[in-house]
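Colleague: Please find one structure pasted underneath; my questions will follow.
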Amino acid sequence: MKKVSDIFKKLADERLQKDLSSSSGLFLVGCSGISSADLSILRRDLDSLGSRMFVTKNSFMSAALKKAEKDPLLLNFIDGPTALVFVSEDPVGIAKVMTNFVKSHESMKLRGGYLRDRLLQAQDFKVLASIPSRQVLYQQIAVACNGPLSKLATSLNQIVVKLCYALKAVGEKKQKETK
(Lines give C-alpha, C1' and ligand atoms only; values in the text may rest on other atoms or scores of the structure.)
Protein backbone atom coordinates (compact mmCIF):
# COMPACT_ATOMS: atom_id res chain seq x y z
CA MET A 1 0.00 0.00 0.00
CA LYS A 2 1.29 3.44 -0.95
CA LYS A 3 1.91 6.19 1.55
CA VAL A 4 -0.27 9.28 1.42
CA SER A 5 2.82 11.43 1.04
CA ASP A 6 3.90 9.46 -2.06
CA ILE A 7 0.44 9.86 -3.60
CA PHE A 8 0.50 13.58 -2.82
CA LYS A 9 3.98 13.96 -4.35
CA LYS A 10 2.88 12.17 -7.52
CA LEU A 11 -0.27 14.30 -7.89
CA ALA A 12 1.61 17.51 -7.14
CA ASP A 13 4.33 16.58 -9.65
CA GLU A 14 1.74 15.88 -12.36
CA ARG A 15 -0.02 19.18 -11.68
CA LEU A 16 3.27 21.09 -11.62
CA GLN A 17 4.38 19.53 -14.92
CA LYS A 18 1.01 20.34 -16.50
CA ASP A 19 1.20 23.97 -15.30
CA LEU A 20 4.80 24.35 -16.49
CA SER A 21 3.99 23.01 -19.95
CA SER A 22 0.80 25.02 -20.42
CA SER A 23 2.05 28.38 -19.12
CA SER A 24 3.86 30.92 -21.27
CA GLY A 25 5.91 32.13 -18.33
CA LEU A 26 6.87 31.62 -14.74
CA PHE A 27 7.74 34.09 -11.99
CA LEU A 28 9.72 32.96 -8.95
CA VAL A 29 8.98 34.92 -5.80
CA GLY A 30 10.57 34.76 -2.37
CA CYS A 31 7.71 34.47 0.09
CA SER A 32 9.27 34.32 3.55
CA GLY A 33 7.56 36.22 6.34
CA ILE A 34 4.19 36.55 4.57
CA SER A 35 1.06 35.56 6.43
CA SER A 36 -1.29 33.01 4.93
CA ALA A 37 -4.05 35.63 4.86
CA ASP A 38 -1.88 37.93 2.72
CA LEU A 39 -0.96 35.03 0.45
CA SER A 40 -4.65 34.25 0.06
CA ILE A 41 -5.31 37.83 -1.04
CA LEU A 42 -2.45 37.59 -3.55
CA ARG A 43 -3.74 34.24 -4.83
CA ARG A 44 -7.20 35.73 -5.32
CA ASP A 45 -5.78 38.69 -7.27
CA LEU A 46 -3.68 36.37 -9.43
CA ASP A 47 -6.62 34.04 -9.98
CA SER A 48 -8.68 36.94 -11.34
CA LEU A 49 -5.97 37.33 -14.03
CA GLY A 50 -5.96 33.65 -14.93
CA SER A 51 -2.76 32.94 -13.05
CA ARG A 52 -1.93 30.55 -10.25
CA MET A 53 0.58 30.53 -7.41
CA PHE A 54 2.15 27.33 -6.12
CA VAL A 55 4.37 26.95 -3.05
CA THR A 56 6.28 23.74 -2.43
CA LYS A 57 9.63 22.47 -1.21
CA ASN A 58 12.67 23.78 -3.06
CA SER A 59 13.98 20.32 -3.90
CA PHE A 60 10.61 19.39 -5.41
CA MET A 61 10.52 22.66 -7.34
CA SER A 62 14.07 22.18 -8.66
CA ALA A 63 13.34 18.64 -9.77
CA ALA A 64 10.19 19.75 -11.57
CA LEU A 65 12.01 22.55 -13.43
CA LYS A 66 14.75 20.12 -14.49
CA LYS A 67 12.18 17.55 -15.60
CA ALA A 68 10.33 20.22 -17.63
CA GLU A 69 13.68 21.11 -19.28
CA LYS A 70 13.46 24.78 -18.32
CA ASP A 71 16.48 27.08 -18.30
CA PRO A 72 18.94 25.80 -15.65
CA LEU A 73 19.57 29.42 -14.57
CA LEU A 74 16.07 29.40 -13.04
CA LEU A 75 17.43 27.17 -10.30
CA ASN A 76 19.55 30.12 -9.08
CA PHE A 77 16.35 31.96 -8.11
CA ILE A 78 15.25 29.17 -5.76
CA ASP A 79 16.62 30.09 -2.36
CA GLY A 80 14.58 29.87 0.81
CA PRO A 81 10.77 29.85 0.75
CA THR A 82 9.85 30.32 -2.92
CA ALA A 83 6.56 30.50 -4.75
CA LEU A 84 5.96 29.78 -8.42
CA VAL A 85 3.54 32.10 -10.21
CA PHE A 86 2.37 30.63 -13.50
CA VAL A 87 1.78 33.15 -16.29
CA SER A 88 -0.82 32.22 -18.87
CA GLU A 89 -2.37 35.22 -20.61
CA ASP A 90 -1.51 38.64 -19.21
CA PRO A 91 2.11 38.87 -17.99
CA VAL A 92 1.87 42.66 -17.68
CA GLY A 93 -1.16 42.50 -15.37
CA ILE A 94 0.44 39.78 -13.28
CA ALA A 95 3.69 41.77 -13.02
CA LYS A 96 1.67 44.81 -11.87
CA VAL A 97 -0.13 42.78 -9.20
CA MET A 98 3.15 41.26 -8.02
CA THR A 99 5.08 44.56 -7.87
CA ASN A 100 2.21 46.28 -6.02
CA PHE A 101 2.05 43.41 -3.55
CA VAL A 102 5.83 43.49 -3.00
CA LYS A 103 5.68 47.24 -2.33
CA SER A 104 3.26 46.67 0.53
CA HIS A 105 5.03 43.51 1.80
CA GLU A 106 8.74 44.24 1.98
CA SER A 107 9.72 40.73 3.07
CA MET A 108 8.51 39.36 -0.28
CA LYS A 109 11.06 39.51 -3.12
CA LEU A 110 10.62 39.15 -6.87
CA ARG A 111 13.56 36.96 -7.82
CA GLY A 112 13.21 36.15 -11.51
CA GLY A 113 11.61 33.79 -13.95
CA TYR A 114 11.01 33.39 -17.64
CA LEU A 115 8.54 34.67 -20.17
CA ARG A 116 8.22 32.93 -23.54
CA ASP A 117 11.68 31.34 -23.20
CA ARG A 118 13.35 34.62 -22.14
CA LEU A 119 14.98 34.66 -18.74
CA LEU A 120 13.81 37.48 -16.46
CA GLN A 121 15.80 39.13 -13.71
CA ALA A 122 14.31 40.93 -10.70
CA GLN A 123 14.57 44.37 -12.37
CA ASP A 124 12.59 43.12 -15.40
CA PHE A 125 9.43 43.03 -13.28
CA LYS A 126 9.45 46.83 -12.95
CA VAL A 127 9.77 47.17 -16.72
CA LEU A 128 6.89 44.74 -17.28
CA ALA A 129 4.74 46.51 -14.70
CA SER A 130 5.34 49.89 -16.37
CA ILE A 131 3.85 48.73 -19.70
CA PRO A 132 0.27 49.99 -20.17
CA SER A 133 -2.54 47.45 -20.15
CA ARG A 134 -3.67 45.77 -23.34
CA GLN A 135 -6.80 47.96 -23.58
CA VAL A 136 -4.74 51.16 -23.26
CA LEU A 137 -2.35 49.93 -25.97
CA TYR A 138 -5.30 49.18 -28.26
CA GLN A 139 -6.62 52.69 -27.68
CA GLN A 140 -3.22 54.22 -28.43
CA ILE A 141 -3.01 52.26 -31.68
CA ALA A 142 -6.52 53.34 -32.66
CA VAL A 143 -5.70 56.99 -31.97
CA ALA A 144 -2.42 56.71 -33.89
CA CYS A 145 -4.21 55.17 -36.88
CA ASN A 146 -7.11 57.61 -36.69
CA GLY A 147 -4.92 60.74 -36.98
CA PRO A 148 -3.50 60.11 -40.47
CA LEU A 149 -6.82 58.76 -41.73
CA SER A 150 -8.72 61.84 -40.60
CA LYS A 151 -6.07 64.08 -42.19
CA LEU A 152 -6.40 62.12 -45.44
CA ALA A 153 -10.19 62.42 -45.34
CA THR A 154 -9.92 66.18 -44.68
CA SER A 155 -7.44 66.61 -47.55
CA LEU A 156 -9.64 64.67 -49.97
CA ASN A 157 -12.67 66.66 -48.85
CA GLN A 158 -10.80 69.92 -49.46
CA ILE A 159 -10.04 68.83 -53.03
CA VAL A 160 -13.74 68.19 -53.65
CA VAL A 161 -14.70 71.49 -52.00
CA LYS A 162 -12.19 73.42 -54.15
CA LEU A 163 -13.51 71.68 -57.25
CA CYS A 164 -17.05 72.69 -56.31
CA TYR A 165 -15.98 76.31 -55.77
CA ALA A 166 -14.17 76.30 -59.12
CA LEU A 167 -17.20 74.83 -60.91
CA LYS A 168 -19.48 77.34 -59.21
CA ALA A 169 -17.19 80.22 -60.25
CA VAL A 170 -17.10 78.94 -63.83
CA GLY A 171 -20.89 78.63 -63.81
CA GLU A 172 -21.34 82.16 -62.47
CA LYS A 173 -18.90 83.48 -65.07
CA LYS A 174 -20.80 81.78 -67.87
CA GLN A 175 -24.09 83.18 -66.56
CA LYS A 176 -22.62 86.70 -66.63
CA GLU A 177 -21.34 86.17 -70.19
CA THR A 178 -24.71 85.00 -71.44
CA LYS A 179 -26.49 88.03 -70.02
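Colleague: With θ set to phi - 60° and the Karplus curve 6.51 cos²θ - 1.76 cosθ + 1.60, what are the ³J(HN,Hα) couplings of the stretch 24-33 in order, to the nearest whole Hz, using x for Gly and Pro?
Modeller: Per-residue couplings from phi come out as 8, x, 8, 10, 9, 10, x, 10, 7, x Hz.
Colleague: My understanding is that a pair violates if its Cα-Cα distance is over 28 Å; which of K2/K109; K9/K70; K18/K103; K10/K126 do that in this structure? Let's see the in-between values first.
Modeller: Values: K2/K109 37 Å; K9/K70 20 Å; K18/K103 31 Å; K10/K126 36 Å.
In this structure, K2/K109; K18/K103; K10/K126 lie more than 28 Å apart at Cα.
Colleague: What value, in deg cm²/dmol to 500, does the helix sum -39500 (n - 2.57) over DSSP H runs of n ≥ 4 give at 222 nm once divided by the residues of the chain? Could you put the intermediate results ahead of the total?
Modeller: Working: 6 runs with 108 residues, N = 179.
Rounded to the nearest 500, the figure is -20500 deg cm²/dmol.
Colleague: Taking Cα pairs under 8 Å and at least six residues apart, what relative contact order does the stretch 48-179 come out at, in percent? All intermediate terms of the calculation are to be shown ahead of the outcome.
Modeller: Working: 88 pairs, mean separation 26.9, N = 132.
This gives 20 percent for the stretch 48-179.
Colleague: Oh, and also: Tally up the carbon and sulfur contribution to the accessible surface of the chain as a whole percent, 1.4 Å probe, everything protein left in place.
Modeller: On the way: 7000 of 11930 Å².
Roughly 59 percent of what the probe reaches on the chain is carbon or sulfur.
Colleague: Which lysines does K162 reach when only Cα atoms under 30 Å apart count, and residues fewer than 8 places away in its own chain are ignored?
Modeller: Once the sequence-local lysines are set aside, what remains near K162 is K151, K173, K174, K176, K179.
Colleague: With every protein chain present, what is the per residue accessible area of the chain (1.4 Å probe, Å²)?
Modeller: Normalised by residue count, the accessible surface of the chain is 67 Å².
Colleague: Once each part is reduced to its C-alpha centroid, what is the distance from the stretch 94-115 to the stretch 128-152 in angstrom?
Modeller: Going from one Cα centre to the other spans 28 Å.
Colleague: Now, a different point. Can you give me the long-range amide H partners of G113? Hydrogens built in the peptide plane at 1.01 Å from N, cutoff under 5 Å, separation of 5 or more residues or another chain.
Modeller: Residues meeting the amide H criterion: L28, L120.
Colleague: Starting from 0 in steps of 5 Å, tell me what percent of the Cα-Cα pairs of the chain lands in each bin.
Modeller: It works out to 1, 7, 13, 15, 14, 10, 6, 4, 4, 3, 3, 3, 3, 3, 3, 3, 2, 2, 1, 1, 0, 0, 0, 0, in whole percents.
The values are calculated or read from the model by the stated rules, or taken from the named source; none is laboratory data. These numbers were taken from a predicted model, which means no experiment stands behind them. Side chains are part of the model used for accessible areas, which takes the heavy atoms of the whole protein and leaves out ligands, DNA and RNA. Shrake-Rupley method; radii C 1.70, N 1.55, O 1.52, S 1.80 Å.
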